[in-house]
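Every number in this text was worked out from the coordinates using simple rules, so none of it is lab data. Just so you know, these numbers come straight off a predicted model, no measurement behind them. Glycine gets a Cβ as well: all are built from the backbone with ideal geometry, and neighbour counts include every protein chain shown.
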Amino acid sequence: MKWVTWENIGVDRMACAWLILRFIDPAAEFLFIPVGQTPLPDDYEPFDIPGVRLTHRGGHCTFHTLLREYQLNDPVLARIASIIDEADTAQEVMLEPVAAGLDFICQGVRLTSTDDHIAVERGRLIYEALYAQIASENQVR
């Protein structure tokens, strides 16, 4: 399947790309377009673009929407969604201490990547590591 989102990905879009490749569509192809470009390309599933099916909803990030839409009921993914919510959207209360660091690291990944495809590949390692760490914490409890 082909997916489209805005270029210069950050914490939420990077996480969404990882989620799509890992749990939804391992053969996914991504197209990154300039912010505000219309119309959106035909035959692509848009995500994290205002007004599309897979975007922020109810104060939650697009990653959260993808979990709901694709019925991914994994407690580790739910915790990652909470972290991304806090990193990507304005919060009055900080509950996830790693959120700011994750956002900071994702910004650095984007800055050191020549394009968004490279940023997605580099970001996959970060989200795999985050998934593994949270899963290991869940096993200890």
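Give me the percent relative contact order of the chain, please, defined on Cα pairs under 8 angstrom at least 6 residues apart.
Details: 175 pairs, mean separation 39.9, N = 141.
Reported relative contact order: 28 percent.
Quick one: putting +1 on the C-beta of Lys and Arg, -1 on the C-beta of Asp and Glu, what dipole do you get for region 2-140 around its Cα centre, in Debye to the nearest 20?
Result for region 2-140 is approximately 120 debye, rounded to the nearest 20.
Can you list which of the trypsin sites (Lys or Arg not before Pro) found in region 48-103 are DSSP loop residues with at most 12 other C-beta atoms within 10 Å?
Here the trypsin sites (Lys or Arg not before Pro) that fit, given the DSSP loop and packing criteria, are ARG53.
Within the chain, which DSSP H helices have Cα atoms that stretch 27 Å or more along the helix axis and a mean Kyte-Doolittle hydropathy of at least -0.5? Please list the in-between numbers first.
Details: long enough: 116-140 (35 Å, -0.15).
Flagged H segments are 116-140.
Which one, LEU40, PRO50, ILE126, is farthest towards the positive end of the dipole of the chain when Lys and Arg carry +1 and Asp and Glu -1 on their Cβ?
Highest projection toward the positive end goes to ILE126.
Report the equivalent ellipsoid semi-axes for the chain in whole Å, largest first, defined as the square roots of five times the eigenvalues of the gyration tensor built from alpha carbon atoms.
23, 16, 16
In debye to the nearest 20, how big a dipole does region 73-135 give about its Cα centre with +1 on each Lys and Arg Cβ and -1 on each Asp and Glu Cβ?
With Lys and Arg at +1 and Asp and Glu at -1, about 200 debye.
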